[in-house]
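In what follows, a structure is listed as structure tokens, so that the remarks can point back to it.
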Amino acid sequence: MLTLHLKRGKDESLKRFHPWIFSGAVHHIDGQPAEGDLVRVVTSDDTFIAIGHWQIGSIAVRVLTFVDEPIDESFWQRRLACALQARKAMGLTGRQDNTTFRLVHGEGDSLPGLVIDIYGRTAVVQAHSVGMHVCRQNIAAALQQLDGLQLDNIFYKSETTLPFKAELGQENGFLIGGEADNVAIENGLRFHIDWLRGQKTGFFVDQRDNRALVEHYAQGRSVLNMFCYTGGFSVYALRGGAVKVHSVDSSAKAVELVNANVALNFPDDSRHEAFAEDAFRFLQQMEEDAYDLIILDPPAFAKHKDALRNALKGYTRLNLRAFEKIRPGGILFTFSCSQAVSKEQFRTAVFTAAALSGRNVRILHQLHQPADHPINIYHPEGEYLKGLVLYVE
Ligand code: SAH
């Protein structure tokens, strides 16, 4: 393992367990590591401080450990066992009514660059760094041996999440198993999971708790689920007793998915209809007072800090449409999953929309990512999902 020497004074954030080392902090490396190699990090006076994966770009190292220990089979087993232990504490394991949860959430589980979602007897592993890509077989082996999870299949899905410049020519595919029953259960509802072609690992696991809250408010309401993707919110709204549920997504594939998931839980239910349409066009053209529960869960408007201004305008424009059209006494669930947009900035964007609409608006709930997407206290950047539930008079 090559040694990476930090510049003087650049060890402060590491002493506070922040798991990234920026390229500007690097004095020199004893040799030339390949992207994804492990490096041993020392301070300017040669004291050990961390071991991590070296990578090309502004983040030079993603730290795996602050202890001088081997990164071997036992390391991966201990880290995954620790992640599973936390899911047990959250009440997410060993359940018949809920087989879907996130086992590893990157920095939140001290495994920067790694995501693992569990769908019944299948784990979907996603690498966001070359280092984790290199370790994928070790991770799969450790996963398989984990006590308390019965996995038949481990699917690796990193085609779109790895830095493309690394030119790894990676493919998605099974690391273990191959035959997968692709129906997973979330809070007693069933969903087809398309880990092969779907976004993220095939499903947005992070909205589980917020979907349950939609169910709570759905009784007797006319629901619009905008940016529906696989239709999680729609299926919960139907179970909650909504009188009508309309799902909208610009992708025709998503409309197929939502229809399939509704059929799986509520066959031939005439309360539901799905539309392949652009959100802004749909909101522009829809009649006033058609809905009294609207969900807006758009894709990240700002993927980087430099897109922030436009993103905030986008959130204001989108929410303004909903405020203008929602029936009096209506409830709006509005989300942002852009990590670059802070809770305060999002709230200001929505506040601006409310003021422009002239409606009287109250905040009922402030929502965030669920427990199985934990935020490492030393890495506040891990907070990304935020939402508001608003009562519109
Ligand atoms: N609410 C979903 C996740 C939404 S992901 C869930 O709970 O699973 C964002 C979705 O927005 C994607 O499916 C994408 O196809 C859709 N989308 C992106 N741009 C859009 C637009 N302009 N109009 C409508 N849908 C859009």
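The values are calculated or read from the model by the stated rules, or taken from the named source; none is laboratory data. Remember, it's a predicted structure, so these values are computed and weren't measured experimentally. Here the Cβ is made from the backbone with ideal geometry for all residues, glycine too, and neighbour counts use every protein chain on show.
Quick notes
- Residue in the range 340-355 that is closer than 30 Å to Arg190 by Cβ, surrounded by 15 or more Cβ atoms within 10 Å (Cβ to Cβ) and touching a Phe, Trp or Tyr at 6+ places or on another chain (Cβ under 8 Å) present: no
- Residues in the range 182-199 that are charged (D, E, K, R) and either under 20 Å from Thr93 (Cβ atoms) or assigned by TED's automatic domain parsing to the domain that holds Arg95 (or both): Glu186, Arg190.
- Residues within the range 202-214 that are without any contact (Cβ under 8 Å) to a residue 40 or more places away in the chain and in contact with a Leu (Cβ under 9 Å, 6 or more places away or on another chain), tallied: 1
- For the range 282-308, a residue qualifies if it is under 27 Å from Tyr384 (Cα atoms), free of Cβ contacts under 8 Å to residues at least 40 places away in the same chain and either in a helix (DSSP H, G or I) or outside the structural domain of Asn225 (by TED's automatic domain parsing) (or both), and the qualifying residues are Lys305, Asp306, Ala307, Leu308.
- Any hit, the range 48-69, residues being at pLDDT 95 or above, buried (at least 17 other Cβ atoms within 10 Å of the Cβ) and in contact with a His (Cβ under 6 Å, 6 or more places away or on another chain): yes
- Residue within the range 228-237 that is out of contact with any helix residue (DSSP H, G or I) (no Cβ under 8 Å at 6 or more places or on another chain) and more than 8 Å from the ligand (Cβ to nearest atom) present: no
- Where strands (runs of 3 or more DSSP E) fall entirely within the range 1-44, those with at least 1 residues that are exposed (fewer than 12 other Cβ atoms within 10 Å of the Cβ) are at 26-29.
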